[in-house]
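Heads up, the thing below is written out as C-alpha cells.
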Ligand code: KIV
C-alpha cells in the first residue's frame, strides 16, 4: 500500500536543489516532476510534496490554446513562471526556454536563461536539443544557471521530426541519442528529460549517465518521471498521449459544475440567503427616508 503525504499550508519542507536531484539518483529514489503554469496548481503540487515543477512551454497548448508550442514567447513564460514561483516554495522550479529564445545565438541563450532566474523566480532552465545545443548549454552553465536537457521527442522541432512521433527507434537513431545524452552530461546539464523513446533505450541511457534522467513516455527505467499536469488531471481534451495516466477527469467535472451553476441562475436557486449580504433594517429605512421619502410608511418616518 502506498502512503500519500501532504504538506499543509505553513508547513516547511526542505528546498529541493539540483544537488538533491543527484543524491536521489545515487540513492535509487525516483524523482517526481509535473508541470504548472499558475499559482494554485503550484501551491497544490508543492503541498503534495512534488520534487520539481516545470513551467513547460506546453503552456502554449494546454493553457493558451495554441496548436503547438512554437508561438510561446519569453514574456508569456516569465509571466507564468512568476505565478508558479509565488505558489511553490520547496520544489525545484524549472523554466522551459521557449522556441527561438536560445537557438539564435549563445549570447541570447545566456541572457534569456538569466531572465528566468532574475525575473521569473525559477531555479533552473530546460532547453531542447542535443549536440547542436552544447555551446549554449556550456555558456548558460558557465553563467551559474543549472540546465536540464531534453532529448527524444522535442516538440519545438515537430516540423523537422514530422510530427509528435516517438524517437530513437532504429539502432542508428538510438546511437545518436546516446551520444547526445553523453554530450549534454559533459556540457554540464544537471538532469535530462527523455521524451517518447523506447523504454530499453531510456533505461540504458539512464545507467550510462551519472546525472538523473526524467522520463515522459520513456518507461520505468528512468531516474524520475514527468507529465503535463493538464493531461494527468484530464483538463486537456484535444488529445491524450498514449503514455499519460489520467488521475482525474477535471474537464468533465468543470463542465458539470458550470452547467449546475447556469441552471441555478436560470431557476433563481442562486444566490440564496446564505450567499447574500444582509442589511440592518433600521439602516435600510434610514436610507429610504433620504432616497425615496414618499415610499416610507408612517411608522418608519
Ligand atoms: O513543455 C513541457 O511541458 C515539457 C514536458 C513535456 C517535459 O517539455
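Among the candidates 112, 119, single out the residue that is more than 20 Å from residue 188 (Cβ to Cβ) and in contact (Cβ under 8 Å) with a residue 12 or more places away in the chain.
119
How do the pairs read when you match residues in segment 163-183 that are more than 16 Å from residue 199 (Cα to Cα) with residues anywhere that are not in a loop (DSSP other than H, G, I, E, B), using Cβ under 8 Å and keeping only pairs 6 or more apart or on different chains?
Filtered contacts from segment 163-183: 164/155; 164/158; 179/131; 180/131; 180/151; 182/208; 183/131; 183/134.
Within segment 220-234, can you find the residues that are within 16 Å of the ligand (Cβ to nearest atom) and over 22 Å from residue 94 (Cα atoms)?
Scanning segment 220-234 gives no hits.
Among the residues of segment 89-113, which ones are within 21 Å of residue 21 (Cα to Cα) and surrounded by fewer than 24 Cβ atoms within 10 Å (Cβ to Cβ)?
Listed by number, the residues that qualify are 89, 90.
What pairs come up if the first residue lies in segment 59-72 and is closer than 17 Å to residue 231 by Cβ, the second is in a helix (DSSP H, G or I) and more than 12 Å from the ligand (Cβ to nearest atom), and their beta carbons are under 8 Å apart, counting only those six or more places apart or on different chains?
Short answer, once both residue conditions are applied: 59/76; 60/76; 64/76; 68/158.
Among the residues of segment 201-216, write down those that are more than 16 Å from residue 147 (Cα to Cα) and within 9 Å of the ligand (Cβ to nearest atom).
216
Among the helices (runs of 4 or more DSSP H) lying completely within segment 1-92, list those that include at least 2 residues that are within 14 Å of the ligand (Cβ to nearest atom) and under 18 Å from the mean Cα position of the chain (by Cα).
Here the list reads 39-48, 59-62, 74-87.
All of the numbers you see were taken from the coordinates with simple rules; none came from a lab. Being a predicted model, the structure only gives us computed values, none of them experimental. Glycine also receives a Cβ, built like all others from the backbone with ideal geometry; neighbour counts cover every protein chain displayed.
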